[in-house]
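Novice: Just passing along the structure, written as structure tokens.
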Amino acid sequence: MMTGPFAPPPRLLMGPGPITADPRVLRAMSAQLIGQYDPAMTECMNEVMALYRAVFRSANEQTFLVDGTSRAGIEAALVSLLEPGDRVLVPVFGRFGHLLVEIARRCGADVHVIDVEWGRVFEPEQIAAAVRSVRPKVLAVVHGDTATTMAQPLADLASAVGDSDALLYCDATATLGGNDFATDGWGIDVVSAGLQKCLGGPSGSAPITISPRAAEVITARRRIEAGLRDIGDDEPARPPIASNYLDLAQIMEYWGPRRLNHHTEATSMLYAARECARLLLDEGLDAAVARHALHGRAMVAGVQALGLQVFGDQRHRMANVVAVHIPDGVPGEQARAALLADFGIEIGTSFGPLHGRVWRIGTMGYNARHDAVLMTLAALEQVLRAYGTNPLPGGGVAAAKEVYG
Ligand SMILES: Cc1ncc(COP(=O)(O)O)c(C=O)c1O
């Protein structure tokens, strides 16, 4: 069967991510490929490392991209840090905490979990107490969990860990670039992310940064593939990393001066990641955080004016996503489908205990913009009315405009 070129319909992606990519990123991705060991490629990779040190606010030499979606970054971090039997502590406050647990278990780790109800975050002392009792090798935590829209405060995490020596891992996929984040300032050892949220790109590349202390732990497990081994590439002191593709010890050598052959670079994604970082740094990290805060506030004011009730502890909501209770009597999935069919606007459904109870609406990356917020609110008002609620005419747009001043 012959099919034509794929022509995606025009959409405004206002869910919890992915979001509409910034056109600058799409243009960067259309550049021609170059060879893996072309000096221009090496220069591009070194630039990407430097750009992401700034994005992560870190001096870590080991800052680069894992080729794959955000989940590849998480899995690379955990499989490279955790040996079978190692203790890991995961504070779970949403779906992505459960993902960390799932991945750590598959690494053969001895996984300890603390929970809070979805819609809340942990007090630093709750985490500190768990660290004291578990004494984990790794404390693995999500920063912003898009499943609940909550962001766990992390600034005090290092002091919560105290003198326990635990390595801190953080999944900042959903928050990086749109919420304050300070890898070195907060004492976090390993952070991984993705492009498809506040960074305004497509999914498929996972920026990661690794502290010297964590890099040492990983390097002790380095086993170079037989076909590439050189003098000095001895068997590792510690059990080798169970994954080959996500083996950070080899990937560090691939991005480092040795340029060890590992995978074939996902060159178009490298271009995308480079442009995402350039966009963010051109704007300025603080300005981007302020922009996400402003448009997030406008969206919240707008949905509340439409009569929707926001979900979760608002003091700890991520700037870039809000969850709203689906009003009684409104068929959530049909209403979402109508928003897509009639207005080309996508908002998110939800998972687990929130499935069928809330919609999730994002304002992030390229779509943290006045027009995107106002159009979404105007369209949502029409859909809500069509399904029998009685929102104040023009109320959502007016409330958002008031926030804009
Ligand atoms: C907090 C968080 N972590 C991880 C992921 C997984 O990312 P990916 O689908 O790119 O693998 C997501 C995706 O929504 C996320 O929000």
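Novice: Using only helices, what value at 222 nm comes out for the chain when you add -39,500 (n - 2.57) per DSSP H run of length 4 or more and divide by the total residues, to the nearest 500 deg cm²/dmol?
Specialist: Value at 222 nm, helices only: -12000 deg cm²/dmol.
Novice: Cβ neighbours within 10 Å, averaged per peptide: list 140-150, 278-288 in order, most packed at the top. Numbers along the way, then the final one.
Specialist: On the way: 140-150: 29.0, 278-288: 15.6.
The packing order, highest mean first, is 140-150, 278-288.
Novice: Collect residues whose amide H, placed 1.01 Å from N in the peptide plane, falls under 5 Å from the amide H of Q62; neighbours closer than 5 in sequence don't count.
Specialist: HN-HN under 5 Å from Q62: I210.
Novice: Separate question: Rounded to whole Hz and in sequence order, give me ³J(HN,Hα) for the stretch 151-156 from the Karplus expression 6.51 cos²θ - 1.76 cosθ + 1.60, θ = phi - 60°, writing x for Gly and Pro.
Specialist: 10, 6, x, 10, 4, 9
Novice: Based only on Cα atoms, what Rg/Rh ratio does the chain have, Rh being taken as Kirkwood's radius? Please report the intermediate quantities before stating the final value.
Specialist: Numbers: Rg = 21.9 Å, Rh = 22.1 Å.
With Rh from the inverse mean 1/r over Cα pairs, Rg/Rh is 0.99.
Novice: Same structure again: Based on alpha-carbon centroids, what's the gap between the stretch 282-298 and the stretch 136-199 in Å, whole number please?
Specialist: 19
Novice: Moving on. So what's the angle, to the nearest 10 degrees on a 0 to 90 scale, between helix 70-81 and the longest Cα principal axis of the chain?
Specialist: 30
Novice: Here's another thing I want to ask about it. Specify which residue in the list V113, G396, P5 is farthest towards the positive end of the charge dipole of the chain, using unit charges on the beta carbon of Lys, Arg (+1) and Asp, Glu (-1), about the Cα centre.
Specialist: Ranked along the dipole, the leading option is G396.
Novice: Let me ask something else. Using the alpha-carbon atoms, what tilt in degrees (0 to 90, nearest 10) does helix 95-106 show relative to the longest principal axis of the chain?
Specialist: 20
Novice: If you don't mind, there's one more thing I want to ask. Applying the Karplus parametrisation 6.51 cos²θ - 1.76 cosθ + 1.60 with θ = phi - 60° to the phi angles of the stretch 341-352, what ³J(HN,Hα) value in whole Hz is obtained for each residue in order, glycine and proline being reported as x?
Specialist: Karplus values, whole Hz, x for Gly and Pro: 5, 8, 10, x, 10, 9, 10, x, 7, 8, 10, x.
Novice: Nearest-5 percent of antiparallel DSSP beta bridges in the chain? The partial results should precede the final answer.
Specialist: Working: 19 of 38 bridges.
If we restrict to bridges inside the chain, about 50 percent are antiparallel.
Novice: What is the packing order of peptides 72-79, 3-10, 246-253, 396-403, taking the mean over residues of other C-beta atoms within 10 Å and listing the highest first? Mind dumping the intermediate values first?
Specialist: Values: 72-79: 26.6, 3-10: 5.5, 246-253: 23.0, 396-403: 19.2.
Answer by packing, highest mean first, reads 72-79, 246-253, 396-403, 3-10.
Novice: Let me ask something else. In whole Hz, what ³J(HN,Hα) sequence does the stretch 198-204 give by Karplus (6.51, -1.76, 1.60; θ = phi - 60°), x for Gly and Pro?
Specialist: These are the phi-based 3J(HN,Hα) values: 6, 7, x, x, x, 6, x Hz.
Novice: Something else now. Using the beta-carbon distance between E125 and A155 and R0 = 25 Å, what value does 1/(1 + (r/R0)^6) give for FRET efficiency, to the nearest 0.05? Walk me through the numbers on the way to the answer.
Specialist: Numbers: r = 14 Å, r/R0 = 0.56.
Efficiency computed from Cβ-Cβ geometry: 0.95.
Novice: What's the whole-number percent of alpha carbon pairs in the stretch 85-171 lying beyond 15 angstrom?
Specialist: Details: 1917 of 3741 pairs.
Counting pairs separated by more than 15 Å, the tail of P(r) holds 51 percent.
Novice: Something else: Normalised by the number of residues in the chain, what is the relative contact order in percent for Cα pairs under 8 Å and 6+ residues apart? If you can, show how the numbers build up before the last one.
Specialist: Details: 826 pairs, mean separation 90.0, N = 405.
It comes to 22 percent, rounded to a whole number.
Novice: Once you charge only the Cβ atoms, +1 for Lys and Arg and -1 for Asp and Glu, what is the size of the charge dipole of the chain about its Cα centre, to the nearest 20 debye? Mind dumping the intermediate values first?
Specialist: Numbers: 35 positive and 44 negative charges, 150 e Å.
Rounded to the nearest 20 debye, it is 720 debye.
Novice: Next question, about the same structure. Collect residues whose amide H, placed 1.01 Å from N in the peptide plane, falls under 5 Å from the amide H of I114; neighbours closer than 5 in sequence don't count.
Specialist: Those qualifying (amide H under 5 Å, at least 5 residues apart or on another chain) are V90, V92.
Novice: Now a separate question. If a/c stays under 1.5 just call it rounded; otherwise compare a/b with b/c (prolate if a/b is bigger, oblate if not). Do that for the stretch 67-224, with a ≥ b ≥ c from the square roots of the Cα gyration tensor eigenvalues. List each step's numbers first, then the result.
Specialist: On the way: a/c = 1.39, a/b = 1.05, b/c = 1.33.
Rounded shape, in that the Cα axes give a/c under 1.5.
Only the coordinates and a few stated rules stand behind these numbers; no lab work does. Here the structure is a predicted model, which is why all the values come from computation and not from measurement. With ideal geometry, Cβ positions are generated from the backbone for all residues, glycine too; neighbour counts draw on all protein chains shown.
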